[in-house]
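Worksheet: the structure to be examined is printed underneath.
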Amino acid sequence: MKGITKKFGDFVANDSIDLTVHKGEIHALLGENGAGKTTLMNVLYGLYLPTEGDVFINGERVEIKNPNIAIEKGIGMVHQHFMLIDKFTVVENIILGMETTIKKGSFDTKCIDIESATKEVEELSKKYGLHVDPNAKIHDISVGMQQRVEILKALYRGADILILDEPTAVLTPQEVEELIQIMESLTEQGKTIIIITHKLKEIKQAADYCTIIRRGKKIDTVKVSDVTEEDLAEMMVGRQVSFAVDKKEMNRGEVVLDINNIVIKDNRKLNAVNDLSLQLHKGEILGIAGVDGNGQSEFLEGITGLRPIESGKVILNGEDIANTTPRNIMEKGMCNIPEDRQKRGLILDFSVAENMILENYDKEPFSKNRRLNHKNIDEHAKKLIEKFDIRPQNEKQTAGSLSGGNQQKVIIAREITNDPDVLIAAQPTRGLDVGAIEFVHKYLVEQRDNEKAVLLVSFELDEILNLSDRIAVIYNGKIVDVLDRKDADEKKLGYLMAGGGVDDEKK
Ligand SMILES: Nc1ncnc2c1ncn2[C@@H]1O[C@H](COP(=O)(O)OP(=O)(O)OP(=O)(O)O)[C@@H](O)[C@H]1O
Ligand SMILES: [Mg+2]
């Protein structure tokens, strides 16, 4: 890519960027939230036309006017937010738009040739080590498998250059290892990979080269083996970044959230949360560590009022809030940074300013006599944009047009501003750059220092260990142990997370 410039109105998202990628390499793109990584890749995939600049593939200048041309040229893209159809099966998703049909029965009806498609998908999945269940519906499979479906979709269309936009942000540490192996097997067989990630460790582990982008401009392309993680972080944000969290002694107060023996069912009506009990105190950050799929999502949905609680109590500030409405729970003092920011955290078609008041639109100063006061709403948003460094600084822009990391900052700004007694933070730094992570961590610690309680759920053990005062381990829908931070390390947590503390019988 040579001299790629992409403007949105007056805003320059890509400023004359050069990017050279060689066949068979894994090339990482690194940059802060909103730096322009996704935009650059959307240009390569034909989703955006560049304002200026040219793209060459195998030395030939190509005009990629739309994704169909990109696919024809051997480019495949797995997006930051998946684009699968929930109710379709794995195979149906992979062949969507490319179905071959066969005649069936005596009438002239045409059917999709699912059988041969399934066979083809199975072959591809074997060849590259991308394990999937071809007949499973998307809504029943793990996020990790959904991602493999997305990769297969691209390979099915003949992709030689595969763009992966933050593929590991949604994965558990185990799944990340698997993906790295898959990437290696792909490049061994001649594929080329461009990967966007905020995780410096992964870049060091998997990538050959790394191009750093800051505020739309290319800073450099470096050979990964020549640089340290600290070098990368500094090039990316333009200053030194602290990886450790500064915390003073905890001042633990009384119990504010008391969860007693709750049982919650999953979509298949099986008990996902099984007689779980947990106490959260004022002035502490309680981390919940666990392997994905051990009931974390159902637990969070249950206590925030989004999923019925079959039995048990959730006492918040002395009052049982189990099975009341999300609005009631919020008003009683519990706010939520949800796991899925696009589905549960934002209304993508609303402006940033509107998203900032989703919970308070009916209160003064944002409305009076059922009329919104746009001046106050905009002013409120401007303040938060400034304070939380949301880019670009435009409260009128729709939430959907923000970069992934900045969408997350909008949610965090809104929830923290409510100053809840209990803040639930589910994967709060997913998809954030290292500078932004530092910033979010600071705010979570600030809540705690103000004697509020924070319940942190994260797949990142580093994050749990860095932030938490106590750590609860969830396994099979139960809290199997609660450790003081000083008694916990990665090894011990890993053992408990794998069910190590549970009798074999109970497993
Ligand atoms: N369709 C659009 N209209 C207006 N502005 C846009 C649009 N798409 C992207 N932008 C802006 O361009 C900038 C770059 O966004 P981009 O999504 O490329 O960032 P990114 O580097 O991928 O960030 P992240 O790490 O948070 O995903 C952002 O400021 C974003 O708000
Ligand atoms: Mg992005």
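What is the magnitude of the charge dipole of the chain about its Cα centre, with +1 placed on the Cβ of each Lys and Arg, -1 on the Cβ of each Asp and Glu, and no other charges, expressed in debye to the nearest 20?
That gives a dipole near 1240 debye.
Under the 0.36 nm per residue contour assumption, what length would be gained going from the current alpha-carbon distance of N267 and K442 to full extension?
Gain in length upon complete extension: 59.4 nm.
What part of the accessible area of the stretch 344-418, given as a whole %, is carbon or sulfur when the probe is 1.4 angstrom?
Working: 1830 of 3880 Å².
Looking at the stretch 344-418 in its full context, I get 47 percent from C and S.
Defining a contact as two alpha carbons under 8 Å apart and six or more residues distant in sequence, what relative contact order in percent does the stretch 2-237 show?
Details: 428 pairs, mean separation 69.2, N = 236.
Dividing the mean separation by the residue count of the stretch 2-237 yields 29 percent.
What distance in nm lies between label points placed 7 Å from Cα along the C-beta direction at E490 and V12?
The modelled label-to-label distance comes out at 4.1 nm.
Compute the length gained on full extension between D54 and E72: take 0.36 nm times their separation in residues and subtract their Cα-Cα distance, giving the result in nm to one decimal.
Stretched out fully, the D54 to E72 stretch lengthens by 4.7 nm.
Taking all protein chains together and a probe of 1.4 Å, list V482, V62 from the most accessible to the least accessible.
V482, V62
Quick check on the stretch 51-198: take the gyration tensor over C-alpha atoms, sort the square-rooted eigenvalues as a ≥ b ≥ c, and tell me if it's rounded (a/c under 1.5), prolate or oblate.
Taking the square roots of the gyration eigenvalues as a ≥ b ≥ c, the stretch 51-198 is oblate.
On the accessible surface of the stretch 142-256, probed at 1.4 Å, how many percent belong to carbon and sulfur atoms?
Percent of accessible area from carbon and sulfur atoms in the stretch 142-256: 44.
Can you give the accessible area of T89, probe radius 1.4 Å, in Å² rounded to 10?
20 Å²
For the chain, what is the relative contact order in percent, using Cα pairs closer than 8 Å and at least 6 residues apart in sequence?
16 percent
Which whole-angstrom value gives the distance between the alpha carbon centres of the stretch 98-130 and the stretch 360-415?
48 Å
Please list D208, D258 in order of solvent-accessible area, largest first, computed with a 1.4 Å probe with all protein chains present.
D208, D258
Using a Förster distance of 60 Å, how high is the FRET efficiency between E184 and L372, based on the Cβ-Cβ distance and rounded to 0.05?
0.70
Which of the pairs K23/K396; K223/K442; K23/K65; K37/K375 have their Cα atoms more than 30 Å apart in this structure?
Working: K23/K396 42 Å; K223/K442 32 Å; K23/K65 23 Å; K37/K375 33 Å.
Pairs exceeding the cut-off: K23/K396; K223/K442; K37/K375.
Counting only heavy atoms of the protein chains, get the accessible area per residue of the chain (1.4 Å probe) and round it to a whole Å² value.
On a per-residue basis, 47 Å².
Could you tell me which of T221, S401, M236 has its Cα farthest along the dipole of the chain towards the positive end, charges placed at Cβ (Lys, Arg +1; Asp, Glu -1), taken about the Cα centre?
S401
Restricting to DSSP H runs of at least four residues, report the calculated mean residue ellipticity at 222 nm for the chain, -39500 (n - 2.57) per run over all residues, nearest 500 deg cm²/dmol.
On the way: 16 runs with 159 residues, N = 507.
Theoretical 222 nm ellipticity from helices: -9000 deg cm²/dmol.
Ratio of alpha-carbon Rg to the 2.2 N^0.38 Å globular estimate for the chain, to two decimals, please.
1.02
What's the extension gain from D108 to D226 if we count 0.36 nm per residue and subtract their Cα-Cα distance?
36.1 nm
Treating cross-link reach as a plain straight distance, find the lysines whose alpha-carbon is under 23 Å from the alpha-carbon of K313, omitting any fewer than eight places away in the same chain.
K265, K269, K282, K332, K452, K478
Round to the nearest 10 and report in Å² the accessible area of F11, as given by a 1.4 Å probe over the protein chains' heavy atoms.
Looks like 100 Å² after rounding.
The values are calculated or read from the model by the stated rules, or taken from the named source; none is laboratory data. Please read these numbers as outputs of a predicted model, since none were measured by experiment. Note that we place each Cβ from the backbone using ideal geometry, even for glycine, and neighbour counts take in every protein chain shown. Accessible surface is based on the protein model in full, side chains and every heavy atom, while ligands, DNA and RNA are left aside. Shrake-Rupley method; radii C 1.70, N 1.55, O 1.52, S 1.80 Å.
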